[in-house]
Every structure is written in C-alpha cells, then in structure tokens.
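Novice: The structure under discussion is supplied below as structure tokens; questions concerning it will follow.
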Amino acid sequence: MLYAILCYASEDVVCSWSKEQDDEVMANLLNVQEKYAQAGRLGPVARLLPTTAATTLRKVKGESVVIDGPFAETKEQFLGFYTLECADLDEAVEFARELSEVNPSGGSYEIRPVSVYNPARVPA
Amino acid sequence: MTELAWISNAISTARPQAMGALLRYFRDLDAAEEAFQDACLRALKNWPKNGPPRDPAAWLIFVGRNSGIDAVRKRSKQAPLPEEDQISDLEDAESDIAERLDGAHYRDDILRLLFICCHPDLPATQQIAVALRIVSGITVKQIARAFLVGESAMEQRITRAKARIADAGVPFETPGAVERSERLAAVAAMVYLIFNEGYSTNSGEAPARAPLCEEAIRLARLLLRLFQTEPEIMGLTALLLLQHARASARFDENGEIVLLEDQDRTLWSRKMIDEGLALVDKALRHQQPGPYQVQAAIAALHARAERPEDTDWTEIDLLYSLLEQMQPSPVITLNRAVAVAKVRGPEAALAMIEPLGERLSGYFHFFGLKGGLLMQLGRGEEARVAFDRAIALANTAAEAAHIRMHIDRLIKDGAAKAAAKTAR
C-alpha cells in the first residue's frame, strides 16, 4: 500500500527562513528520503508554493466558483493530489472543473503551483 | 538549525503581529518596543527550557503586555517588581491567551504598525529605515550598512523619525473600508521603496543591500497573507519576486552591470519566477488592473522568455501604454520606448523620447537609451554626445562602466570606418 505523507507546518515560519536555512532543511529532508528511494519505496514528492499562490475551485449550489487562497476551514480533508503541466492558470482551472464535474462529492479542488518536484522512482 | 536560530526565527516571524498588538495596548511606540524587547529576553530564557510555545506571537504579546504594565506601575509607584516566576505561569497562560487574542484585530494591528511608518512628512529613506527597525526588527547597525551610512547617523535618523511619528499621533480607531484600502496602498508603496532601495545598486554594494530586497519580499508576502484577495498586493508580491529572481545574473564577475538581454537566464531563480508567475495569473483573473499588476505582467513576459529573442515586445509595449495611462510619467514612457525600439525600430523610439528631453535632462537612463538608439541609427557623433552626458549623470560605477563600453565600441567602429576609407 502506498501512503501519502502530508506535511503541515507554519507557513509564516517556513517563509521566514533564509535561503541558506531553507537549503539546509531541504538537503536534510532529501537525505532522509534517499534511503527509501534506494529501496525503491519512494513515490512522487512535491513541495508546494505558499498558500498565497493558491486558488480554490468550489461548487456553490452546483456552480463552480474560483476563489483566492486555500479553503481554510478544516471541515474538508485533503484527499490526494494531481500534477499537471499547464501553460497558465486557466488550463489548471479547466482541469479542476472537469474533475469536479464527474465528482459527486461536491468538494473543492485547490489549485497550487508546485515548487519542487522529484519524479517518481517507484514502478506504478 | 540550532536552537538559537530556531528561536530567533520564531521571534522575527512573530514580530509584526506582536508589535502591532503591543502598540494597540500601549498606544506608544517606545513603550511597545520596550515591552517587546522584554518579552524576547524572557523567550530566550524560557523557550529552551520549556519548549517552544504553540503560538509564539500570542506568547510574546501576553508576556510583553504584562511586562509593559509592570514597567508603567514601576514608574508610577517605584514599587519593586515581583519575582519572575510570579509574573505569570506561562504554561497555563499560553493556551488561555491564544483563545483570547482577538483574531479580527490582528490584521489591522499589523497594517497600523506598517502604516505609521509611512507618515507623509517623513522622507522616503526615513520611512524605510523606521519600518525596517520597528516592523522587521533589523538592527540599526544592519540598516546603516544597507544605507551605506554610519551607525550613529542612522540611529539619529531613526530617533528623529520616531519622534515625528509620536508627534503625529497613531491612528488607533479601527479603520473603515476606504481608510483600510488607503492604508494598504501607502504601505504597499513603502514596501516597493524598500525593495528599490536594495535593487538599484552596483555590485560592490549588492551584498550589503540584498537583504533589503529579501525583507521587502517578506513584507509583501505578509501583506498578501493578510489581504489574500487584493489583486494589487498579488501584483506587488509578484513584481518583487520576478525582479529579485534575476539578482544573481545582474552583474558579471568584474562587477559590471549585465543588461537584461545579455543575462545568463539559467542563473535566474526558477522558484521565485514560478511563484511570481502564479501570482500574476491569479491577479489577472480579478480583472481589476493596477500599476503593480501591470509592472508584474511586464516582468512576467521577460521571465517567460527562455531566450531574449523570445520576448513578447508587442505585449510589453501594450502593457507600458496601459501603465502610462494609469501613472503618466516620463520614466514610464522611456521604458516603453525600449519596447517600441524592438517592435517598430529605433527611429520610432527616438521620436517617442525626444519630447522628454527637458523633463529628463538629469536622468542617466534617458541619455543611455538615447545614445543607444542613435548608435543603432548610425548617428555616431550624436550618440557620443548623449553617452558623455549619461556618464556625467551615472549614479553608480557600474552604470558609468556600461556606457563607457558603448563609447569604446563607437570609437572602434569609427576607427574601422576610417581604416576602411583609407584602404579604399
């Protein structure tokens, strides 16, 4: 079974790291990942840009509405994520719209640009 | 990261919120600063022992407020301070205070703290210095270094600015919607000033001044988190990120300025560009264009071009004409002329900037561009005159060196032509 490990931390604090501090943390995190990668157990890993760069598509009374930022309240849980190569935000919104149209749960899709991407090394 | 680094990080992150709240309690900048300093000292003692608090800002506000009240009592009654342990049982207090902290206030607290630094009577450099000191908590020594002045001169400048702010009185009432948006605009302009103070520099000074750019980006991000749906704040943050992304490509190893088209684009920070582009995309969806968004959109077109020749100059020309309408200024017309030269040729660009000569008679970039356009048109003598004027007006050694390079090329071309003539 493949697990998604979702990392939560204070964005205020993480954003205040200097480039050197950030590099150091990232290098350490990479070190930890490396042995799992060597063992062929590591799937795709992504770090997201700050939530200020996020957009949320939400269904309100059957209509899809695009709002700024993440959907803040915790009544909905993060259920998984897609990565998609897009020329601009409109393409990403369109993709989310298509997903939302076939999703009966009526939830929301947060559209967030990926900052660092390590391609999967585990066979699908 | 060491424990000390972690603590200083947590404190500097919490600073704007904590200082903003303490200013609201004490209604006096000095009292708020003193209370905050005291809370920081206690944090350094307490946090390593008891572990980091869940909400560092709430902790600092609570402890700072207690210590500030103690200080006031001490001054009025000269009564001895209670023992440290008795002041507050912080373990219990923390969970309690976190709930009581008025979340609705905190946005206006930070905005107020930034806004009082933008007092219109203060010259721009003083606004910046005082904001860096009060809001960002940067030491006077570091600020002095960034401004290339002595520490005591900077200390005086900041003290004078703070006295001016105190005289003016701090606006404590909760702002209405119109006031809030006016404050936000003033604060955004100041953040942009901080950035420019760090950006317009030459390579020798770049290491000392780069922290100003980083601080401006941090403040812009802070504003954006407080005002997530403001397209102009998205634009401002994007603009700063997209410009700063080029930082390591702007100077060559000899410290000479590298023009945008000659920069090694692989040195541009992809991470900052990605964030900047995402914010531009987000902002444009609001369809409420403003000057920061337009400038960010221009920077985005440069960032999106993998090679200089891929740059969409037609779109840049269009965006500059939009910016000219929003903020008519000869400098913007001058920038537009650069795009016009690419799209319609040097003659059209020259015609566009000729009328600006009088108003920009003291502006380095005017003569730099004029000389460049004349050179492209083969009018070497006139180009030489414009370049000489540019050198006289250069603000930095790097600017002068860059123009000298053009002059050398003119001289070489001239010599080559003369040689060709003689050969014939």
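Bear in mind that the values in this text are calculations on the coordinates, not laboratory data. None of these values were measured; they are calculated from a predicted model. No Cβ is skipped: glycine too gets one built from the backbone with ideal geometry, and neighbour counts run over all protein chains shown.
Novice: Within 10 Å of each Cβ of A:51-64, how many other protein chain Cβ atoms are there on average?
Specialist: 3
Novice: Which value, in debye to the nearest 20, gives the size of the charge dipole of chain B about its Cα centre, when Lys and Arg are +1 and Asp and Glu are -1 at the Cβ?
Specialist: Around 900 debye, computed over chain B.
Novice: Still on this structure: With N set to the residue count of region B:229-311, report its C-alpha Rg divided by 2.2 N^0.38 Å to two decimal places.
Specialist: Numbers: Rg = 13.2 Å, N = 83, 2.2 N^0.38 = 11.8 Å.
Against the compact-globule rule of thumb, the ratio is 1.12.
Novice: Moving on to the next point. Inside 10 Å of the C-beta atoms of B:270-278, what's the mean count of C-beta atoms belonging to other chains?
Specialist: Shielding by partners across B:270-278 averages 4.
Novice: Using Cα centres only, tell me the gap between region A:2-53 and region B:353-379 in whole Å.
Specialist: Centre-to-centre (Cα) distance: 50 Å.
Novice: Students often check this: by mean Cβ neighbours within 10 Å, which of A:87-93, B:28-34, B:229-235, A:7-13 ranks highest, and how do the rest follow?
Specialist: B:229-235, B:28-34, A:87-93, A:7-13
Novice: Quick one: putting +1 on the C-beta of Lys and Arg, -1 on the C-beta of Asp and Glu, what dipole do you get for region B:257-343 around its Cα centre, in Debye to the nearest 20?
Specialist: My answer is approximately 260 debye.
Novice: So if we plug the beta-carbon distance of A:ASP90 and B:ASP70 into 1/(1 + (r/R0)^6) with R0 = 60 Å, what FRET efficiency do we get, rounded to 0.05?
Specialist: Working: r = 57 Å, r/R0 = 0.95.
Plugging the Cβ-Cβ distance into 1/(1 + (r/R0)^6) gives 0.60.
Novice: Provide the packing ranking of B:7-15, B:389-397, i.e. peptides ordered by the mean count of other C-beta atoms within 10 Å per residue, highest first.
Specialist: Highest mean packing first, the order is B:7-15, B:389-397.
Novice: Okay, moving on. Based on the Cβ-Cβ distance from A:VAL65 to B:ALA419, what FRET efficiency comes out when R0 is 60 Å, to the nearest 0.05?
Specialist: Working: r = 71 Å, r/R0 = 1.18.
Between A:VAL65 and B:ALA419 the formula returns 0.25.
Novice: In percent, how large is the relative contact order of chain B, given Cα pairs closer than 8 Å and 6 or more residues apart?
Specialist: 9
Novice: Then there's this: Need the C-alpha centroid separation for region B:267-322 versus region B:382-397, integer Å.
Specialist: Between the Cα centres of region B:267-322 and region B:382-397 lies a distance of 30 Å.
Novice: Using 0.36 nm per residue, how much length does the chain from B:GLU381 to B:ASP28 gain when fully extended, once their Cα-Cα distance is taken away?
Specialist: Once the chain is fully extended between B:GLU381 and B:ASP28, it gains 120.9 nm.
Novice: Could you give me the percent of Cα pairs per 10 Å distance bin for the protein assembly as shown, shortest bin first, beginning at zero and ending with the bin that holds the maximum distance?
Specialist: 3, 14, 24, 24, 18, 10, 5, 1, 0, 0
Novice: Okay, moving on. Given 0.36 nm per residue, what is the gain on full extension from B:ASP121 to B:ARG270 after removing their alpha carbon distance, in nm? Numbers along the way, then the final one.
Specialist: Values: separation 149, 0.36 × 149 = 53.64 nm, distance 3.96 nm.
Contour length minus Cα-Cα distance gives 49.7 nm.
Novice: Further question: Using the charge dipole of region B:376-424 (Lys, Arg: +1 at Cβ; Asp, Glu: -1 at Cβ; taken about the Cα centre), state which of B:GLY414, B:ALA397, B:PHE387 has its Cα farthest towards the positive end.
Specialist: B:GLY414
Novice: For chain B, what are the DSSP H helices with axial Cα length of 27 Å or more and mean Kyte-Doolittle hydropathy of at least -0.5?
Specialist: B:3-26, B:56-77, B:177-199, B:206-226, B:397-423
Novice: Evaluate the charge dipole of the protein assembly as shown about its Cα centre and quote only its size in Debye, nearest 20, assuming +1 on the Cβ of each Lys and Arg and -1 on the Cβ of each Asp and Glu.
Specialist: Once rounded to the nearest 20, the dipole reads 960 debye.
Novice: Quote the relative contact order of region A:11-118 in percent (integer), defining contacts as alpha-carbon pairs under 8 Å separated by 6+ residues.
Specialist: Details: 100 pairs, mean separation 37.4, N = 108.
Worked out over region A:11-118, it gives 35 percent.
Novice: Follow-up question, since we're still on this one. Can you give the direction-averaged projected area of the convex hull of the alpha-carbon atoms in chain B, in nm²?
Specialist: Taking a quarter of the hull surface, the average projection is 25.0 nm².
Novice: Considering the dipole of the protein assembly as shown built from charges on the beta carbon (Lys and Arg +1, Asp and Glu -1) around the Cα centre, which of B:THR237, B:ALA35, B:LEU259 is farthest to its positive end?
Specialist: The residue sitting most towards the positive pole is B:LEU259.
Novice: Also, quick follow-up: Roughly speaking, what is the centre-to-centre gap between region B:99-176 and region B:205-250 when only Cα atoms are used, to the nearest Å?
Specialist: Rounded to whole Å, the Cα centres lie 18 Å apart.
Novice: Enumerate the lysines that A:LYS19 could reach by cross-link, defined here as Cα to Cα under 18 Å, with residues fewer than 8 away along the same chain left out.
Specialist: B:LYS271
Novice: Count, for each residue of A:87-96, the Cβ atoms from other chains sitting within 10 Å of its Cβ, then give me the mean as a whole number.
Specialist: 2
Novice: More than 22 angstrom separation, counting every C-alpha pair in region B:115-210; what % is that?
Specialist: Numbers: 1388 of 4560 pairs.
Pairs farther apart than 22 Å: 30 percent.
Novice: Moving to a separate point now. If contacts are Cα pairs under 8 angstrom and at least 6 residues apart, what is the relative contact order of region B:229-311 in percent? Intermediate results must be reported in sequence, preceding the final value.
Specialist: Numbers: 105 pairs, mean separation 36.4, N = 83.
It comes to 44 percent, rounded to a whole number.
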